[in-house]
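In what follows, a single structure is set out as structure tokens and then discussed.
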């Protein structure tokens, strides 16, 4: 997995991602450089692929317990939460 992936790695949370982003922006500002980022809302993206394949591949990467259960139980009916 990428070192920039925070969502599925042990002991890393969105707080770590927020800190990293803030640090990078501050460093750019201190160096009088430009900084930018792109944020994508991928919520609906989870409706457009086979969840069984995702859960299988997550297991191959060693993701177990609550984390994999969350995705295994993720609703697949796009109208359920729209």
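The values are calculated or read from the model by the stated rules, or taken from the named source; none is laboratory data. Keep in mind that what you see is a predicted model, and the values were worked out from it rather than measured. Using ideal geometry, Cβ is built from the backbone for each residue, glycine included, and neighbour counts are taken over all protein chains shown.
For this structure, a couple of remarks:
- Of everything in the range 3-22 that is exposed (fewer than 11 other Cβ atoms within 10 Å of the Cβ) and closer than 30 Å to residue 60 by Cα, the residue that is modelled with the lowest pLDDT is 7.
Yes/no per residue for (1) outside the structural domain of residue 9 (by TED's automatic domain parsing); (2) at pLDDT 70 or above; (3) over 20 Å from residue 4 (Cβ atoms); (4) exposed (fewer than 10 other Cβ atoms within 10 Å of the Cβ):
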| position | (1), (2), (3), (4) |
| --- | --- |
| 24 | no, yes, no, no |
| 30 | no, yes, yes, yes |
| 47 | yes, no, yes, no |
| 54 | yes, yes, no, no |
| 57 | yes, yes, no, no |
| 68 | yes, yes, yes, no |
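- Within the range 54-69, the set of residues being assigned to a helix (DSSP H, G or I), closer than 17 Å to residue 12 by Cα and within 14 Å of the chain's Cα centre (by Cα) comprises 58, 67, 68.
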